[in-house]
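Presented below is the structure to which this report refers.
No lab work stands behind these numbers, since they all come straight from the coordinates. Just so it is clear, the model here is predicted, and its values are computed rather than measured. Cβ placement follows ideal geometry from the backbone for every residue including glycine, while neighbour counts extend to all protein chains displayed.
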Amino acid sequence: MFGILLSAFNTVLAWLVRSVLIKFAVFFGLYFVTTEFVSVITAVLPNGSAVTGAMAGVTNSTWYFLDVFMVQTGISMVVSAYATRFVIRRIPVIG
C-alpha cells in the first residue's frame, strides 16, 4: 500500500515540476523580458511634436473633411498597429 501511495505522489510531483513549474518560469520570463523591452523602446521613440507642427498648416475647410472622416483616429490606429507589428515580428523572444 505504501508503494502505491509513493508512486502516486511521485507521479503528481513529476507532473507539477514538468508541466506547471517549467511553464510558469518560461512564461514569466517572457512577460518580464517583454515589459522591460517595451519600456526601453518607448523611452527611445520620439514624441509627436513633429506631427503637430505639420498639421498646423492645414486650413479650416480641410479640417472639416478630416474630422468627418475621422482621420486623426485612423492615423493613431495605424501607428499603434505598426508598433504592435514591430514588437511581435522583430523581437525574437516574442515572435
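Here are a few things to note about the model shown:
- Filter result for ASN10 (out of contact with any Phe, Trp or Tyr (no Cβ under 8 Å at 6 or more places or on another chain) and either among the charged types (D, E, K, R) or in a loop (DSSP other than H, G, I, E, B) (or both)): no
- Test result for GLY29, free of Cβ contacts under 8 Å to residues at least 24 places away in the same chain and either exposed (fewer than 11 other Cβ atoms within 10 Å of the Cβ) or in a loop (DSSP other than H, G, I, E, B) (or both): no
- Contacts under 9 angstrom Cβ, first residue in the range 81-92 being under 16 Å from SER39 (Cβ atoms), partner aromatic (Phe, Trp, Tyr), 6 or more apart: VAL87/PHE37; ILE91/PHE37
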